[in-house]
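Novice: This is the structure I want to talk about, given as structure tokens.
FYI, it's all coordinate maths here, none of it is from the lab. All values reported here derive from a predicted model rather than from experimental measurement.
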Amino acid sequence: MPIVHQDTVKESITSEWHHFILVKTCYSSIILPRMLASLLTGDRNISVSDCITQLHFFGFLAATECYLLATMSYDRYLAICKPLHYAIHMNGRNCLWLASGSWISGFLGSTIITFLVSQLTFCGPNEIDHFFCDFTPMIKLSCSDISLTWEAK
């Protein structure tokens, strides 16, 4: 059994944190521009198409963040509970697979929800009185049957 070298542990943690910081940075770039525009102009309305786009990217990053946190938890579990196996299980290749899986899973989950929401018909002003678009205001604005979309959430 190989002994865990401190550089292996440090490399794994650093790699995971880079992905986590990237997700947090992208969160800001999705919500902040619309929020600043709302503050400067006073117009808090957002169109349905813009809302669906924002919903997709925010959902993608939120799901990715959850998967990355699960990956980081697994990493810490291995480092603490199975330190002699850590170097075998958390090598650079496996870290890359876990991080890639987090991004891909987040994207696929968000894409399915976005597709279902985009199939809804919207009535009324087709604008939401928020700078941030969430799932619930989208559903409230819909005129069509939301059972499939609501169950998928």
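Novice: Can you give me the three principal axis dimensions of segment 18-140 from its C-alpha atoms, in Å, biggest first?
Specialist: 61, 32, 20
Novice: Related question: Once each part is reduced to its C-alpha centroid, what is the distance from segment 46-63 to segment 79-123 in angstrom?
Specialist: Using only Cα atoms to place each centre, the spacing works out to 19 Å.
Novice: Across segment 28-39, in residue order, what do the Karplus-derived ³J(HN,Hα) couplings come to in whole Hz, using 6.51 cos²θ - 1.76 cosθ + 1.60 with θ = phi - 60° and x for Gly and Pro?
Specialist: Values, residue by residue: 4, 6, 8, 9, 4, x, 5, 5, 5, 5, 5, 5 Hz.
Novice: Follow-up. Out of residues 5 or more away from residue 122 or on other chains, whose amide H comes under 5 Å of its own, with H placed 1.01 Å from N in the peptide plane?
Specialist: 143
Novice: Continuing with this model, one more query. Please list, in order along segment 100-111, the HN-Hα scalar couplings obtained from phi with the Karplus expression 6.51 cos²θ - 1.76 cosθ + 1.60 (θ = phi - 60°), rounded to whole Hz, x for Gly and Pro.
Specialist: With coefficients 6.51, -1.76 and 1.60, one gets 4, x, 5, 5, 5, 5, x, 5, 5, x, 5, 5 Hz.
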